[in-house]
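Novice: Encoded as structure tokens, here's the structure I'll be asking about.
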Amino acid sequence: PWLFFRENPFYTLKKLLTPTAGILPRVDYSRGDSFLHFELSPGELSSLRNPHNALRVVLYCGVYDKTKSSKNVNIEFPHPVDITLNGVKIKDNVKGIKNKPGTAKPADLTPNVRASNHLEIAYTQTKTDYLIFCYLAERVSAPKILQKVLEAPKTPKESTISQIIGQNSSSNDDDELLATSTILSLKCPVSFVRMKYPVKSINCQHLNCFDALQYIYLQEQLTSSLWFCPICNSTINVGDLSLNEYVMNILKSTPDECESVEIEVDGNWHPLYENDD
Ligand SMILES: [Zn+2]
């Protein structure tokens, strides 16, 4: 039995620490206990104890269902669960957001690792088998992810302008109401401050952007593998985030106190100020 997890942008998996996956067999009405043993080399241990090193020992857990694909599996722990490493209870919140699969995060075991490690997982009343994996992984910082986003192909100004014109000249009668100007906010919906790096997913059709760094900081707190658009709630792959040059140009051409602009049907725009009515 094996699982391939959905990539978590905040961890680069380096090495699996056990030859096989740990199994948490289904227990309908009782309590389950599973154990996993793994060793760390002196070199790995000293890297893990260096606070400036990004190396971590992380625990991934996912549902094992023979009838389903083992690829792009979401992290999901049984609930309730008690994770104990070398006799110390791990207090990481591995639950994720309720009813939002993909938002659970791996448990960070780093603070309690030693050369020879004994991991214990206690759980109750599960309706499926779970598999657990201990990995050596490198933690990826928010600025590093931002750098990747900024290096990705940008959305050219012309492409956004033709999208605005296209939306406004759509032959669909229902869109008639859209054939007027629209207001574009220059504030990030995540941080409520003026955007510095306006981005959105290439799969999102809306004009509004959010700030890449503020958004990544928010995801860093959640450390979940699955990201959602703060504007339309669609799922977002970090590789699909693209800097919007049209909005970037507006940000560069307006003073800091300007919080929104009015976009004309032809893509031209003019700044709006608080006292404008
Ligand atoms: Zn969206």
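Novice: Could you tell me whether the stretch 249-265 includes any residue that is part of a loop (DSSP other than H, G, I, E, B) and touching a Gly at 6+ places or on another chain (Cβ under 8 Å)?
Specialist: No, because not a single residue in the stretch 249-265 is part of a loop (DSSP other than H, G, I, E, B) and touching a Gly at 6+ places or on another chain (Cβ under 8 Å).
Novice: Any residue at all in the stretch 73-84 that's part of a strand (DSSP E or B), under 25 Å from the mean Cα position of the chain (by Cα) and either free of Cβ contacts under 8 Å to residues at least 12 places away in the same chain or surrounded by fewer than 17 Cβ atoms within 10 Å (Cβ to Cβ) (or both)?
Specialist: Scanning the stretch 73-84 turns up at least one residue that is part of a strand (DSSP E or B), under 25 Å from the mean Cα position of the chain (by Cα) and either free of Cβ contacts under 8 Å to residues at least 12 places away in the same chain or surrounded by fewer than 17 Cβ atoms within 10 Å (Cβ to Cβ) (or both).
Novice: A further question on this structure: Do any residues in the stretch 32-50 that are in a helix (DSSP H, G or I) have Cβ atoms under 7 Å from those of residues that are of a type in the set (S, T, Y) and at pLDDT 95 or above, where the two are at least six apart or on different chains, and which pairs are they?
Specialist: Sorted first by the residue in the stretch 32-50, then by its partner, the pairs are L48/T110.
Residue by residue, here is whether (1) open to solvent by 10 Å² or more (accessible area, probe 1.4 Å); (2) away from the ligand (no atom under 16 Å from the Cβ); (3) on the phi > 0 side of the Ramachandran plot holds:
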{"residue": "V199", "(1), (2), (3)": "no, no, no"}
{"residue": "L207", "(1), (2), (3)": "yes, no, no"}
{"residue": "S224", "(1), (2), (3)": "no, yes, no"}
{"residue": "F228", "(1), (2), (3)": "yes, no, no"}
{"residue": "C232", "(1), (2), (3)": "yes, no, no"}
{"residue": "E245", "(1), (2), (3)": "yes, yes, no"}
{"residue": "I250", "(1), (2), (3)": "no, yes, no"}
{"residue": "D256", "(1), (2), (3)": "yes, yes, no"}
{"residue": "E262", "(1), (2), (3)": "yes, yes, no"}
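Novice: While we're here: For the stretch 209-222, name all the residues that are part of a strand (DSSP E or B) and either more than 10 Å from the ligand (Cβ to nearest atom) or over 30 Å from A107 (Cβ atoms) (or both).
Specialist: D211
Novice: I need every pair where a residue in the stretch 205-217 that is modelled with pLDDT of 95 or more and of a type in the set (F, W, Y) has its Cβ under 9 Å from the Cβ of a residue that is outside any strand (DSSP E or B) and near the ligand (Cβ under 9 Å from one of its atoms), sequence separation at least 6 or different chains.
Specialist: Final answer for the pair search is F210/C229; F210/P230; F210/I231; Y215/P230.
The values are calculated or read from the model by the stated rules, or taken from the named source; none is laboratory data. Source: prediction; values computed, not measured. Don't worry about glycine lacking a Cβ; one is built from the backbone with ideal geometry, like all the others, and counts go over all protein chains shown. Please note that ligands, DNA and RNA were not included when accessible areas were found on the heavy atoms of the full protein model with its side chains. Shrake-Rupley method; radii C 1.70, N 1.55, O 1.52, S 1.80 Å.
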